[in-house]
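Worksheet for the structure shown next.
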């Protein structure tokens, strides 16, 4: 069973922790390389390499001994010239330099961590993400987009890559084309999910693959990025960057959170996403089958996807597809 997941950020890492438990799965994470902030941004600018942060998170999520490695790889230096730098990011940067390129470096670190599956960058090209806001402003840089959206109180109208010709990597293309199922999301909608869809070749690959294609809807809006958007808006904007038919199923959470569970988010401007009948009709009008369930989990007060529950549905849909029972 070959499952390819496309995304980035913490949402992708959470999902991978559930999917890696599936027996006999060949798992590939295709990861965005649009990140230009924090430790990743510094390494990206100083060394001229792809940003390692999301890659590091995915490798750690798929590691055989995640608990044992987390303390080391996630550690950030607290002082000196390395202040704020992640040990894992530095290791990936060193591996890329030693072994000749970023993807070979990832493979070497994967072996060291005994990773279950593969992690590949969506592109080997430098990717600068830009956004056009509804007020006409153009924002350059992934890390700047939420800040400007918030400061100008204007929603995102479109996102695009600054330079044309940012190609989907061959490893990513093969992962999509050879998969039994391709999963898109969850994660930051405009800055972790959609950047993957902007690479040259991704649209055609998603249209051409024989895999069943599954979209995992976010469970909360993200301030500075998806303010005021409902679940159907998320799905409809995805279709701005892919062809009709490129999503077969959408997993929507229908479990409502209690007020005390939401207060941390609502006070910061976020809202829970629960699709009503009108939204579901809009989603189905795009040819997408809806699967609802209690797909959320609360860990230490933070709302996340229930990785095991989502993985169970993904496994079932994949097996049904392999048996010809869509």
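Sorted largest first, the spans of the alpha carbon positions of region 208-260 along the three principal axes are 45, 23, 13 Å.
Taking R0 as 35 Å, what's the FRET efficiency between residue 203 and residue 277 from their Cβ-Cβ distance, rounded to 0.05? Write down the numbers at each step before the final one.
Details: r = 31 Å, r/R0 = 0.87.
The calculated FRET efficiency here is 0.70.
Relative contact order for the chain: 18 percent, from Cα pairs under 8 Å spaced at least 6 residues apart, divided by residue count.
For region 159-282, report the % of Cα-Cα distances exceeding 16 Å.
Working: 4925 of 7626 pairs.
Value for region 159-282 (Cα pairs over 16 Å): 65 percent.
Take peptides 29-36, 73-80, 170-177 and line them up by average Cβ neighbours within 10 Å, highest first, as a rough protection proxy.
Numbers: 29-36: 29.2, 73-80: 12.1, 170-177: 19.9.
Peptide ranking by packing, descending: 29-36, 170-177, 73-80.
When each of the peptides 4-15, 145-156 is scored by the mean number of other C-beta atoms lying within 10 Å of its residues, the order from highest to lowest reads 4-15, 145-156. Under Stokes-Einstein, with the Kirkwood radius over Cα pairs as Rh, the value for the chain at 4 °C and 1.567 mPa s is 65 µm²/s.
What separates the Cα centres of region 138-178 and region 256-298 is a distance of 24 Å. Protection proxy ranking of 93-101, 186-194, 213-221, by the mean of other Cβ atoms within 10 Å over each peptide's residues and highest first, is 186-194, 213-221, 93-101. Below 8 Å between Cα atoms, with a sequence gap of 6+, how large is the relative contact order for region 179-287 in percent? Rounded, it is 31 percent for region 179-287. Between residue 163 and residue 308, full extension at 0.36 nm per residue minus the direct alpha carbon distance yields a gain of 48.3 nm.
Between residue 285 and residue 132, what FRET efficiency comes out of the Förster formula 1/(1 + (r/R0)^6) with R0 = 25 Å and r the beta carbon distance, rounded to 0.05? Mind dumping the intermediate values first?
Details: r = 26 Å, r/R0 = 1.04.
It comes out at approximately 0.45.
Bear in mind these aren't lab numbers, they're just calculated from the coordinates by the rules spelled out. Remember, predicted model here, so these are calculated numbers, not experimental data. Cβ sites come from the backbone with ideal geometry, for glycine too, and all protein chains shown count toward neighbours.
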